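Please read the structure below before turning to the comments.
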Amino acid sequence: MPKNLIKQSAALTGFVLLGLAFTGCSTDSGLGAAAAGTGEGVAAGASAAVWQEALADMDPVKLIFQSNAASELSPLGEAEVNFKALVEEYSGGNIEIEIAWNHSIAPPLDVDEALLDGRIDMSRLLTGSQPQDFPVSNEMPTTTLVRDSRPAVGEMALKGSLIETAWGTPELIAELEGQGLTVIVPALSGGGSPVVACNSPREDLRGAQVRVAGTHMHRQIEALGGVPVSMSFADVYEGLQRGVIDCTSGGIATVAEFSWLEQAPNVIIPAGETAFVGGNAPILAGPSFSRLPLAAQQLLFDMTYKTFVPASLDNELSWLSYSLGKGTFTELSKDESDKLSNANQELIRDFYGSNLVDGTSFEKRINDAKADWVALLEDTDAAKVGLKDFHAWYEGEPDLSAFVDHVTKTVQGYRPGA
């Protein structure tokens, strides 16, 4: 089991591939009487005592966080457990957290409807599974197709620049808010560095049956001569075991966490700065969020960024470290990587040339953000780490507070009441 070892400048804990939801729409929940964002706000970074005083007169509420993790014993569930502890402490117990594991309230494809009808009130939404409803959000993973080749720097720069650029993309915010949703984190990559894991040694994907998720990966696998296959998440392990599929795509954290690596230990990665497509799942709230007092909204917002976002990075890096000791990593040849790069450029051009966003503006903002994030990280130990020495570096408990601090600074202008 990998360790979560980020040294952080504040109390920070885990978030990966999870949903979260809070209920409270009934008349006895305490939510219904509160007007939108009423009361005094609290400055970011305030102590627990300050938060407790600000929320002392708040009517108690119970918030149910929905997770796709099986239980609190799963690494995927660590975030909710820690989030519960922090929110309950900082609210002085006026916000009680109950965790609903394994999408027990709403299945993934029903999350947006469940947010709107009040079954849940806050969740991570897999917008890539609903491209017709969330076309702009579905295209956000194109930002992951070109990345710094260094594993730690590449992951941090992608995650940070995606959040920064998403907040500055009015078409994306309008799309999400137009559905009646409140944006907490407008875009969040997850699952770790995208790979293709195969059940036998391969140097390329020509002729391979590869399980894919989404149209972007479908086009990438076709460009490499593979055969894209649709398969439910639950069937992937057995599909690899029985040879129904040869490979599966996915983030390295997902591949390892769900034990696919046991059946597919031969991991293929691109060479250089080109990449397989990553995932995106923003964190959103339903209409009842606006009925919480302003300080409660700020607490939920701050704790999301203080725990979920950095821990998604930590989880991804920890699973990469773990996987390097369990699988064989093979880099695509230059010719094969060039094929992938050409496919990626087509995907990027299609997005920028669409009417979904101002392509010129978006391209400049994402490229500038990536460059700024890479520059920020150049003075850290992470900048010196390649794939071969990654495991030893991560086991040394690296200090990644530069990432945490810059994310916190980046989102301050988007806090409730800002």
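Values in this text are rule-based calculations from the coordinates and carry no lab data. Predicted model, so just to flag it, every value in this text is computed and none were measured. In this analysis, Cβ positions are derived from the backbone assuming ideal geometry, glycine residues included, and neighbour counts consider all displayed protein chains.
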Could you tell me how many cubic angstrom of Cα convex hull volume the chain has per residue? 122
Measuring from label point to label point, each 7 Å out along Cα→Cβ, what is the ASN355 to GLN52 span in nm? 5.6
If you plug each phi of the stretch 397-409 into the Karplus form 6.51 cos²θ - 1.76 cosθ + 1.60 with θ = phi - 60°, what whole-Hz ³J(HN,Hα) values come out, in order, with x for Gly and Pro? 6, x, 8, 10, 5, 4, 5, 4, 5, 6, 4, 4, 5
For ILE245, enumerate residues with amide H under 5 Å from its amide H, sequence gap 5+ or separate chain, H modeled in the peptide plane. LEU240
Which residues qualify? For VAL229, with a placed amide H closer than 5 Å and at least 5 residues away or on another chain, they are VAL210, ARG211, VAL212
If one compares the long axis through the Cα atoms of helix 359-377 with the longest principal axis of the Cα atoms of the chain, the angle in degrees, nearest 10, works out at 90
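How would you order 147-160, 359-372 from highest to lowest mean count of nearby Cβ atoms within 10 Å? Could you put the intermediate results ahead of the total?
Values: 147-160: 23.4, 359-372: 16.3.
So the order, starting with the most tightly packed, is 147-160, 359-372.
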Phi-based couplings in Hz for the stretch 255-266 (Karplus 6.51, -1.76, 1.60; Gly and Pro marked x): 4, 7, 4, 9, 6, 5, 4, 4, 9, 9, x, 9
Name the residue, out of ALA48, ALA311, ALA285, whose mean-square fluctuation peaks in a Gaussian network model built on the chain with Cα pairs under 10 Å. ALA48
Karplus-derived HN-Hα couplings along the stretch 280-294 (A = 6.51, B = -1.76, C = 1.60, θ = phi - 60°), whole Hz, x at Gly and Pro: 8, 8, x, 9, 10, 10, x, x, 5, 4, 5, 8, 6, x, 4
For the chain, what is the relative contact order in percent, using Cα pairs closer than 8 Å and at least 6 residues apart in sequence? 26
Non-local amide H neighbours of VAL195 (under 5 Å, H modeled in plane, Pro and chain starts lacking H): which ones? GLY250, GLY251, ILE252
Quick calc, GLU222 & GLU113: beta-carbon distance into FRET formula, R0 45 Å, rounding 0.05, result 0.90
Expressed in nm to one decimal, what extension gain is obtained for the pair GLU331 and ALA70 from 0.36 nm per residue of sequence separation less their Cα-Cα distance? 90.7 nm
